[in-house]
Amino acid sequence: MEVIHDKVNNRFVINIDGLDSFVEYSLNEKEMNLYHTYTPPQLRGKGLAEKVVLSAIEYAKENSLKVIPSCSYVAVFMQRHPEYSELLK
C-alpha cells in the first residue's frame, strides 16, 4: 500500500480498489493543519488512517513545519506518538 501525496488536492491518500483513505490538510509557510481524515467503512480497521497521517507528519517533519491536529483522529494519533510532540503547534 503506497501513500500518495496529492499536492493538487492537499491530501495524503491510499487508494484500494478505487476507494480512497486520506488525510486532508491546509498549509502555510510554517504550519500544516491536518483537519480531516477519512477511511471508507469497508476499509476500516486496516490501519490505513494511521498510514496516511504518519506520512503527513513525516512530510511536516522533513519540511520543518508545525502540525495543527484539527482532526480528532490526528489529535489522538499525536497523543499516542509522543515522539512527534516537538511538531505540535
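Ranking Thr39, Ser64, Leu19 by Cα position along the charge dipole of the chain, where only Lys, Arg, Asp and Glu carry charges on their C-beta atoms, puts Thr39 farthest toward the positive end. Structural descriptor for the chain: relative contact order 24 percent, calculated from alpha carbon pairs under 8 angstrom and at least 6 residues apart. Grab the other residues whose beta carbon is less than 9 angstrom from that of Leu87, score K and R as +1, D and E as -1, and report the net. That sum, taken over residues with Cβ under 9 Å, equals +2. The 3J(HN,Hα) values that the Karplus relation (6.51, -1.76, 1.60; θ = phi - 60°) gives for the stretch 75-89 are, in residue order, 4, 5, 4, 5, 5, 7, 10, x, 5, 9, 4, 5, 8, 5, 7 Hz. Gly and Pro appear as x. A simple charge model with +1 on the Cβ of Lys and Arg, -1 on the Cβ of Asp and Glu and nothing else charged puts the dipole of the chain at about 200 debye relative to its Cα centre.
Modelled this way, with points 7 Å down the Cα-to-C-beta line, the labels at Asn63 and Asn9 are 1.7 nm from one another. Overall shape of the stretch 4-87 was characterised from the C-alpha gyration tensor. The equivalent ellipsoid obtained from it has semi-axes of 21, 15, 10 Å, in decreasing order.
Karplus-derived 3J(HN,Hα) values for the stretch 6-23, using 6.51 cos²θ - 1.76 cosθ + 1.60 with θ = phi - 60°, are 8, 5, 5, 9, 6, 7, 10, 9, 10, 10, 10, 6, x, 10, 9, 9, 7, 10 Hz; glycine and proline are entered as x.
Quick note: the coordinates plus some simple rules give every number you see, no bench work behind them. Every value quoted in this text rests on a predicted model; they were computed, and no experiment measured them. Virtual Cβ from ideal backbone geometry, glycine too; neighbours counted across all protein chains shown.
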